[in-house]
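K.L.:
Handing you this structure, nothing more for now.
Computed from the coordinates by the stated procedures, all read-outs in this text should not be read as laboratory data. Note that the coordinates shown come from a computational prediction; the quantities given were computed from them, not determined experimentally. Virtual Cβ from ideal backbone geometry, glycine too; neighbours counted across all protein chains shown.
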Amino acid sequence: MKKRIRSNLLCLMVTLLFALGAFLFLYKQDNKYTAALPGGYGYNVLQENLDEVAFLIDGWEYYPGQLLDPEDFSAGVTAEIYTYIGKYPNFSAHLNSPYGVATYRILLKCGDTPAEVALYLPELLCAGRVYLNGDLLGEQGSLDPYIPRVMDGVYAFSASGDLELIVQCANYTHYYSGLYYPPAIGSPGAISRMLTLRLMIYGLLCFAPLAVALSNLVQWLLGRDKPTRQMGILSLAFSIQVCYPFLRALGVPMIRPLYALEDVCGAVVLLCCILLAGTLSGLEGRRFHRRFAVPAAATLCVVTVVFPLFILPYVPAFINAYGMLLFLWKLAAGIYLFCLACLSLRTKEILDRYLLCASGFYGLSLSVSVLGANHLEPIFGAWSEEYGGFVLVIGFAALMARRGILLAQENRRLTFHLQEEVDNKTRFMETLLAERRELLANLLHDIKNPLAALRSYAELVRTGNVALDSETAGYLEALTERAGAVEERFGILQDFSRGERGAFQPETICLNQFLHWFYEQNRPDMELTLLHFSLKLPKEELFILGSRERLWTALENLCYNAASYTPPQGHVLLTLEREGAYAAVSVSDTGAGIPPDILPRIFERGYTTRAGGDGLGLAIVRAVAIEHGGTVTAASQPGKGSVFTLRLPINPAP
């Protein structure tokens with residue numbers, strides 16, 4: 001127990017140190033605010049090394065509520081407000097409304113030697129123009145008429161001396177306004193490398209989680225494991241959330257839906273993370289988590305859809321409140337997630353512990369992103385909360401990989417033992433069947449002995465010079481023949497019981513002659529019940545390959561079965577006809593018929609509706625048909641009789 005707590009504590013400390021180290025690295029190495037150009041009020045000084053990207057952050061002249069052209073500044077406009085980029089998220093601090101217009105101006109002091117320079121201007125919220133030394137450098141969207149567009153701009157020019165840079169902005173759409181993201185300046189190659197590296201990083205952040213989510217789509221959609229489902233939805237929402245750099249590069253006109261989509265995906269990621277951390281920490285049933293944290297996160301998902309699309313466009317006064325709500329909720333949620341991660345000390349499962357620590361890392365990165373606004377903004381990479389979300393997705397990928405490994409190990413174990421299990425079951429079944437066959441054979445043998453004795457006694461009486469009248473002698477001879485026939489049938493049953501059905505040597509049989517002989521031998525017994533037994537044969541002789549004894553047994557089963565269900569003065573008909581490549585032997589009767597619900601089961605071994613029956617007769621008929629390469633079917637109309645047809649493949653005449 002103590003060893004596990006020490007291990008979990010070490011994991012938590014590593015997470016905290018990793019988060020701190022990552023924050024310090026990003027702040028020093030990938031931060032626009034630490035790569036700002038030097039300057040003062042109203043100017044920046046362009047660095048000599050243009051291969052290093054720098055940012056125009058401080059010293060901007062700010063003119064809220066005014067769209068000033070280069071001619072206005074030539075006429076002598078005096079700046080009243082100086083600002084740094086990112087200080088004001090919108091125009092409400094000076095215009096009492098987030099919506100409106102503003103102008104930004106700065107002088108760029110360059111060396112006397114002309115140099116090729118590129119200016120990267122992130123999205124102007126939400127429409128704007130850029131002037132350089134009085135000339136229009138570019139436009140994003142349209143100021144007049146107002147047509148907003150989400151897009152970035154890259155503008156190249158030759159820099160020497162002092163350059164006047166003027167940026168006009170207008171916003172009546174978004175909750176951010178104006179020039180909110182610092183522009184970058186450097187050589188065209190440096191700007192190109194920066195944008196390429198940034199898109200590569202966001203490509204990894206976007207498409208890797210998308211691949212993880214889609215590759216496990218069925219499992220996290222249909223699976224019963226809640227953490228798997230939560231991580232799957234989290235991965236998909238995170239992938240959509242971080243795809244915005246590609247949309248900026250294309251230039252998207254749908255401002256409100258785009259930012260609402262980003263906000264709601266971020267809220268869904270946070271909701272799934274809180275649900276996941278609650279499940280892994282064991283607090284999902286606690287009152288605070290169940291009644292406050294989870295409902296608050298779910299409510300935020302609804303708010304991020306309703307406010308940007310349906311409230312803020314018509315009541316812009318709520319924009320600052322909406323921004324404050326997002327700020328406070330992200331900060332509180334980040335702290336809450338880190339507190340839940342501290343409970344990983346009690347977790348036994350290693351991967352659950354790592355996922356819980358990953359959610360704590362996400363919480364820390366979320367708090368850093370909120371508190372570091374206007375102090376930490378990435379140059380090449382992503383925001384800190386996006387890195388935290390990616391760590392969570394990697395944890396999900398590790399979870400699915402581990403489950404795949406465990407499944408493969410289980411499959412190997414089952415495969416290894418499968419043959420052994422099959423062999424054991426096969427031996428058990430073979431032993432059981434052998435015992436049953438032996439028991440049946442013994443019973444049949446015990447029954448055959450009295451029959452043989454009965455036939456012997458009858459033969460002795462018949463041949464022992466006993467004075468018998470002709471009628472009694474005929475009955476005694478018939479008894480001897482019947483006893484012999486029954487004994488022969490028991491012999492066939494013994495063959496079945498010992499699994500020797502396929503051991504017969506087939507011979508060519510003329511069905512016309514065979515059926516005629518069968519009819520003559522069985523007609524007296526059939527007609528004892530006062531029914532009519534008749535035979536119908538074709539002129540064409542039909543030959544098959546088979547066993548006379550087994551066909552005889554099958555036909556006796558069919559004929560005597562028909563006789564038992566046919567009333568006196570009824571009719572049983574034995575018919576032979578050709579059906580294509582088959583000889584069809586039919587036994588029809590005018591008996592009671594077979595109910596439709598029973599008809600499909602009559603050939604099943606052991607199934608019978610007759611009191612005291614054993615259900616073997618028709619099962620034997622089917623077995624004989626199969627071993628002769630044929631089929632047996634039955635058709636019946638209740639109250640009108642039944643027809644059983646044995647179809648056997650025809651063999652050419654010898």
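K.L.:
I'd like the distance between the alpha-carbon centres of region 92-153 and region 538-564, rounded to an integer number of Å.
P.N.:
Spelled out, the Cα-based centre of one part sits 102 Å from the other.
K.L.:
Another question about this same structure. Check each of the chymotrypsin sites (Phe, Trp or Tyr not before Pro) in region 240-325 and keep only those in coil by DSSP with at most 15 other C-beta atoms within 10 angstrom; list them in order.
P.N.:
Sparse-neighbourhood loop chymotrypsin sites (Phe, Trp or Tyr not before Pro): Tyr314.
K.L.:
For Asn133, what is the net charge nearby, where nearby means another residue's Cβ is under 10 Å from its Cβ and Lys, Arg count +1, Asp, Glu -1?
P.N.:
So the surrounding residues net to -3.
K.L.:
Starting with the highest mean, order 85-91, 533-539, 297-303 by the number of other Cβ atoms within 10 Å, averaged over the residues of each peptide.
P.N.:
Per-residue Cβ counts within 10 Å, averaged per peptide and sorted highest first, yield 85-91, 297-303, 533-539.
K.L.:
Another question, if that's okay. How large is Rg/Rh for region 209-302, to two decimals, with Cα atoms and a Kirkwood Rh?
P.N.:
Radius of gyration relative to Kirkwood radius: 1.04.
K.L.:
Sticking with this one: Which chymotrypsin sites (Phe, Trp or Tyr not before Pro) from region 98-194 combine a DSSP loop assignment with at most 14 other Cβ atoms within 10 Å?
P.N.:
Those that pass, being in a loop and sparsely packed, are Tyr146.
K.L.:
For Met429 and Leu17 in the same chain, what is the full-extension length gain: residue separation times 0.36 nm, less their Cα-Cα distance, in nm?
P.N.:
Net length gain for the segment: 142.0 nm.
K.L.:
A further question follows. Calculate, for Glu52 and Ile335, the FRET efficiency according to 1/(1 + (r/R0)^6) with r their C-beta to C-beta distance and R0 45 Å; round to the nearest 0.05.
P.N.:
Computed FRET efficiency for Glu52 and Ile335 comes out at 0.75.
K.L.:
Evaluate the distance, in nm, between pseudo-label points positioned 7 Å from the Cα of Leu325 and of Tyr607 along their respective Cα→Cβ axes.
P.N.:
It is 6.8 nm.
K.L.:
Hey, another quick one. Find the eigenvalues of the gyration tensor of the Cα atoms of region 260-395, then list the square roots of 5 times those eigenvalues as equivalent ellipsoid semi-axes, largest first, in whole angstrom.
P.N.:
Square roots of five times the eigenvalues give 27, 18, 12 Å.
K.L.:
On a 31 Å Cα-Cα criterion, which of the cross-link pairs Lys87/Lys226; Lys536/Lys640; Lys87/Lys330; Lys28/Lys87 come out too long?
P.N.:
Over 31 Å Cα-Cα: Lys87/Lys226.
K.L.:
What percentages make up the Cα-Cα pair-distance distribution of region 500-649 when the bins are 5 Å wide from 0?
P.N.:
P(r) for region 500-649, in whole percents per bin: 2, 9, 19, 23, 21, 16, 8, 2, 0.
K.L.:
Report the semi-axes of the equivalent ellipsoid for region 33-186 in whole Å, largest first, where each axis is √(5λ) for an eigenvalue λ of the Cα gyration tensor.
P.N.:
Listed largest to smallest, the semi-axes of region 33-186 are 24, 16, 15 Å.
K.L.:
With an 8 Å cut-off on Cα pairs and a minimum separation of 6 or more residues, tell me the relative contact order of region 500-649 in percent.
P.N.:
Relative contact order, region 500-649: 23 percent.
K.L.:
What whole number of Å gives the distance from the Cα centroid of region 210-277 to the Cα centroid of region 392-417?
P.N.:
24 Å
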